[in-house]
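J.: First the structure, which I've put down as structure tokens, then a few questions once you've had a look.
Computed from the coordinates by the stated procedures, all read-outs in this text should not be read as laboratory data. In this text, all values refer to a predicted model and were calculated from it rather than measured experimentally. Using ideal geometry, Cβ is built from the backbone for each residue, glycine included, and neighbour counts are taken over all protein chains shown.
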Amino acid sequence: MIASRRSVLTASGILAATTIVALGMATVAGGTPATATTVGGCTATVRVDSQWGSGASGGQVVTFTVANTSSSTASRWTVTWPLADGQRIVSSWNTSIGAAGGTATATNTSYNGVLTSGASTTFGVQLAGPTSAPTPGCANDAAPPTTASPPSGADVTVREADNQRTVTLFVGQTLGVALAADYLPVTATGGALTPVSTSGGYPTGQPLLATLRAVTPGTAELTTRTDHACRHATPPCALPTVLWTVRITVVDLPPTDAGQTVVVTAPDNQRDLTLRVGDTLVVSLASNYLPPTVTPAGVVVPHDVTGGYPTGQPLVARYVAAAPGQVDVATITDNLCRHQPTPCPSPQVRWVVHVTVTT
């Protein structure tokens, strides 16, 4: 007979309900404080609602609470834990669940995957066999634990949140891709982009990093999808596949009327330049840079400025050298989360070139 969910029965009497907190794979039992840090912006707590029997004749009903501890919204989550020897899943609710290789994997359903910052949801599982409580690990896509910094020197970088976005590049610019380790290497259609480097991605266990260069005007589509080892087990787990696509448009830099054109990008930070009156300076940076400031005014004059934060498009600013002198063209990165009621700790990156204009 299954005991009430308000109590936990053991052979020696009544045992208070045990709570296990998953921060990565750390456990908390009997009220002991947790010391582990949050993994992937996700925590999972387990409440044992009822236990009965022991060994092969034992069983228990447990409730998991999944919380999004990231500052951004999650659209999916995954909870995993090792099954004890002889333990098996009997039923579940509010989750899609499977087991392979002694590991249980629970994922969100269509109605409880989206969790805003600080929000939580619950799901339940009935287990048969030994009554050792689950020690879960938790991850979501709000803050992927294995996403690294974008490739250095890329003019524009796209991440998981850029799925279905359209990006415009100028010929000669580089595109960085930074995705979590469960994504397969990206593929590119068309001839507008050429691969420069790629590393990581499934099944290496390392973040997926790739760099591509815009080589000719045209369009391209970058695609990839997630994969997971448990999906290739027998039987496969129910972990969903996430598709990711970014569309790229490559265009030529517009021609100038007179003088030479000098293009500066992210690696030119702190560079000293010399221009002549009539030359054109083109600043080409990623979309998270603010429009540049020019100090002092009058040495170079703005011709046009497009993109930059918060448009979501690459920053391209053109200036014409108008008079002899020295000038700094400077900008800084920004991030939407820095303007929320509780700002994120996103560092700002300053960029400047020192320009000397001669006759």
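J.: With each label point set 7 Å from Cα along the Cα-Cβ vector, what nm distance links Ile332 and Ser197?
T.: In this crude label model, Ile332 to Ser197 measures out at 2.9 nm.
J.: Between Thr65 and Val349, what length comes free when the chain is fully extended (0.36 nm per residue of separation minus the Cα-Cα distance, one decimal in nm)?
T.: Contour length minus Cα-Cα distance gives 98.5 nm.
J.: Sticking with this structure for a sec: With r defined as the distance between the Cβ atoms of Val263 and His232 and R0 fixed at 41 Å, what FRET efficiency is calculated, to the nearest 0.05?
T.: It comes to 0.35.
J.: Also, I was wondering about something else. Express the Stokes-Einstein translational diffusion coefficient of region 223-359 in µm² s⁻¹, to the nearest whole number, given a Kirkwood radius over alpha-carbon pairs, 37 °C and a viscosity of 0.692 mPa s.
T.: 186
J.: Given Cα pairs under 8 Å that are at least 6 residues apart, what percent is the relative contact order of region 55-134?
T.: Rounded, it is 51 percent for region 55-134.
J.: What order do you get for 335-341, 84-90 when each peptide is scored by the mean count of other beta carbon atoms within 10 Å, highest first?
T.: In descending order of packing, they fall as 84-90, 335-341.
J.: Kindly state, as a whole number, the per residue volume in cubic angstrom of the convex hull around the alpha carbon atoms of region 66-178.
T.: 134
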